[in-house]
1. Just for segment 145-155: of the residues that are in contact with a Leu (Cβ under 8 Å, 6 or more places away or on another chain) and surrounded by fewer than 24 Cβ atoms within 10 Å (Cβ to Cβ), which one is modelled with the lowest pLDDT?
2. Could you say whether any residue in segment 457-474 is part of a loop (DSSP other than H, G, I, E, B), in the same structural domain as N356 (by TED's automatic domain parsing) and in contact with a helix residue (DSSP H, G or I) (Cβ under 6 Å, 6 or more places away or on another chain)?
3. Which of (1) farther than 20 Å from L54 by Cα; (2) not in a loop (DSSP other than H, G, I, E, B) does Y127 not meet, given it meets every other one?
4. Of the residues in segment 249-274, how many are part of a helix (DSSP H, G or I) and either touching a strand residue (DSSP E or B) at 6+ places or on another chain (Cβ under 8 Å) or not assigned by TED's automatic domain parsing to the domain that holds A144 (or both)?
5. Inspect all residues belonging to segment 431-441 and state whether any of them is β-branched (V, I, T) and in a helix (DSSP H, G or I).
6. Which condition from (1) at pLDDT below 95; (2) surrounded by fewer than 19 Cβ atoms within 10 Å (Cβ to Cβ) is the one that N356 breaks?
7. Please state which of the following conditions T468 fails to meet, knowing it meets all the rest: (1) touching a strand residue (DSSP E or B) at 6+ places or on another chain (Cβ under 7 Å); (2) at pLDDT 95 or above; (3) hydroxyl-bearing (S, T, Y).
8. Is there any pair with a first residue in segment 146-157 that is more than 13 Å from K263 (Cα to Cα) and touching a residue at least 12 places away in the same chain (Cβ under 8 Å) and a second that is aromatic (F, W, Y) and not in a strand (DSSP E or B) whose Cβ atoms are under 9 Å apart and which are 6 or more apart or on different chains, and what are they?
Amino acid sequence: MKSKWFAFGCLASVVILVIMIFSTIIMIGSMGDSFAKSKQLKFIPPGSYLHLKLTGEIPEYNEFSESFFGEDAIAAHSIIQKITKASYDKNIKGIILEPQWISCGFASLNEIMKALELFKSSGKEVYAYLDMVGNSDYLLASVADSIYLNPSASGGIFLTGVGGNVLFFKELFDKLGIEMKVIHAGKYKGAGENFSRSSFSKPVKDNISKLFSFIYEKMISKLVENRNLTEDDIKFIYEKRKEIFISQEKALDYKLIDKLCFKEDLLKKLGINKYKLISLKSYKLSPRKTKKDRIAVIYTQGMIAPSNSFYTAQNLSASKIDKALDRIEKDNSIKAVVFRVNSPGGSALESEIILNRIKQLNSVKPVIISMSNVAASGGYYISAESDHTFADPFTVTGSIGVLAMIPNINKLSDKIGITSDPITKGKYADIFNPYVEPNQEEFNALKEDIEATYMEFKTRVSDGRNMTLDEVEKIAQGQIWSSEDALDKNLIDEIGMLNDAVQKAAEIAEVSEYSVHFYPRKKSIFEEFLKEKLDLNVVSKLVENEFSKDFGLDKSILLYKNIKNNPIQAIMPLDLGL
């Protein structure tokens with residue numbers, strides 16, 4: 001038997017090694033292509049257009065400079081930087097914007113739109129070209145001076161509105177013999193209800209519905225502003241039109257677009273040949289000019305959990321924060337720090353550790369919080385104390401509450417003939433044993449732990465926001481808030497974007513001339529691979545993560561692992577997709 005597993009292990013190592021060699025060849029080839037392109041683009045012809053052809057997932061910030069397969073790692077951060085550079089580039093005449101089925105948080109999308117508006121204010125033009133697009137694509141395209149749509153009947157615009165669907169597993173679990181015990185601190189704390197109920201409880205559903213209404217109205221107002229239409233015009237399109245896919249003729253009738261034409265005809269009309277259409281990948285950023293005084297922007301994003309392996313490197317962890325802050329604290333040229341928070345929360349303990357580290361930094365340098373798509377639950381926990389807190393107009397925040405989930409599969413094990421005979425020494429030795437149902441005393445003891453963590457969470461908010469515990473309780477209980485509600489409830493100081501937060505940081509630090517530096521420092525896949533001492537397991541996880549993204553498995557796997565290792569969580573009730 002031992003030789004059998006040894007042989008299997010050897011075979012697995014060979015397979016991984018082959019994948020590594022093959023992927024390395026791909027990356028080297030891609031690097032060669034990139035080098036050739038950058039060599040070609042040392043001179044950009046006058047009258048060129050930057051081509052923003054965007055599709056798929058657009059994260060806010062990518063710590064890797066390229067993907068595992070050697071492609072440039074696209075993120076809202078890099079897109080914005082390139083748009084900003086193009087606005088000052090005398091050889092860039094305009095932008096061709098071509099979004100198609102992008103997946104991007106509303107706050108990140110708002111930052112990209114703002115960059116395009118600033119680009120236009122420099123006297124340059126933005127043209128949007130659409131084939132078949134959805135909500136986020138059209139919202140982004142609405143910033144353009146003119147929108148063109150493919151005249152083919154197979155193209156069109158698919159506008160659905162704002163919403164989400166949550167799957168509930170209780171009835172399935174009942175049939176299988178699985179029980180998920182969920183303990184909440186806060187009646188609006190809906191995380192885990194999809195495991196313990198067949199539908200949302202009324203308080204949770206009402207709270208989420210109110211938030212969706214706000215995001216929907218915010219999106220409508222953006223389209224009204226950008227397309228010079230009335231609110232009634234836009235709401236008719238979303239709520240009363242008969243067709244599902246908006247055809248070319250209807251798109252013209254609704255004034256959603258300006259003209260029908262093929263892309264080749266648009267490029268010809270603008271005098272753009274293949275040498276004057278500069279891809280986002282080929283358009284390289286110039287080396288930044290460092291000034292004496294600097295402002296640091298730290299992207300703190302992801303599910304909050306300990307990061308003790310490459311597999312969990314995408315988590316937001318204290319160890320990841322420490323690496324950046326150790327360097328920043330000692331750097332006297334960095335006068336203030338902006339934390340760009342984009343997290344639905346996670347481990348309550350890890351959130352407490354991160355907050356304490358931020359407070360330590362704040363004792364020596366000004367700290368500003370800039371909330372992105374989501375800064376809720378643990379994401380709000382780490383934002384509780386700062387010199388000034390901003391939320392984007394589209395930010396989802398709050399969700400001050402705590403929960404724990406305990407799985408129990410003793411009924412399932414009875415059904416399939418598995419028995420458990422634990423041998424324990426200690427009162428709570430098997431409290432998290434999934435084959436043993438917790439008794440009432442154990443359940444009550446865990447509930448006390450949850451309530452204690454909830455009180456600690458509220459105390460941190462009370463201290464950071466100068467509120468009484470009673471005032472915090474009224475806006476806590478797991479309630480999630482829009483940016484406007486958050487401002488009204490004193491959860492934030494101001495509604496504004498990342499650049500507003502940077503300017504506020506400079507103001508508090510009393511610096512007028514400064515450069516902005518971003519963290520975590522970007523690294524290549526090779527750097528991470530070498531850091532792990534050529535561990536083949538790292539390569540397998542890299543490959544696994546690349547493919548699991550396509551099937552939406554990565555978030556589910558991470559959530560399961562994080563809860564298994566740390567059952568007390570301060571996390572959002574669901575992935576809102578905002």
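The values are calculated or read from the model by the stated rules, or taken from the named source; none is laboratory data. Computed from a prediction, not measured in an experiment: that's the story for all the values here. Here the Cβ is made from the backbone with ideal geometry for all residues, glycine too, and neighbour counts use every protein chain on show.
1. At the first step, the residues of segment 145-155 found to be in contact with a Leu (Cβ under 8 Å, 6 or more places away or on another chain) are 147-151, 155.
From what is left, the residues that are surrounded by fewer than 24 Cβ atoms within 10 Å (Cβ to Cβ) are 148, 150-151, 155.
Values: Y148: 98, N150: 97, P151: 96, G155: 90.
Residue satisfying both the conditions and the ranking: G155.
2. Initially, segment 457-474 is screened for residues part of a loop (DSSP other than H, G, I, E, B), giving 466-468.
The next check asks that each one be in the same structural domain as N356 (by TED's automatic domain parsing); those that pass are 466-468.
After this cut, where a residue has to be in contact with a helix residue (DSSP H, G or I) (Cβ under 6 Å, 6 or more places away or on another chain) as well, the list is none.
There is no residue in segment 457-474 that is part of a loop (DSSP other than H, G, I, E, B), in the same structural domain as N356 (by TED's automatic domain parsing) and in contact with a helix residue (DSSP H, G or I) (Cβ under 6 Å, 6 or more places away or on another chain).
3. Failed condition: (1).
4. Taking segment 249-274 and keeping what is part of a helix (DSSP H, G or I), we get 249-253, 263-269.
If we keep only those that are either touching a strand residue (DSSP E or B) at 6+ places or on another chain (Cβ under 8 Å) or not assigned by TED's automatic domain parsing to the domain that holds A144 (or both) too, we end up with 251-252, 263, 266-267.
Count: 5.
5. As a first pass, look at segment 431-441 and keep what is β-branched (V, I, T): 431, 436.
Next, only the ones that are in a helix (DSSP H, G or I) stay: none.
No, segment 431-441 contains no residue that is β-branched (V, I, T) and in a helix (DSSP H, G or I).
6. (1)
7. Tallying (1) touching a strand residue (DSSP E or B) at 6+ places or on another chain (Cβ under 7 Å); (2) at pLDDT 95 or above; (3) hydroxyl-bearing (S, T, Y), T468 fails exactly one: (1).
8. Short answer, once both residue conditions are applied: G156/F245; I157/Y138; I157/F245; I157/Y254.
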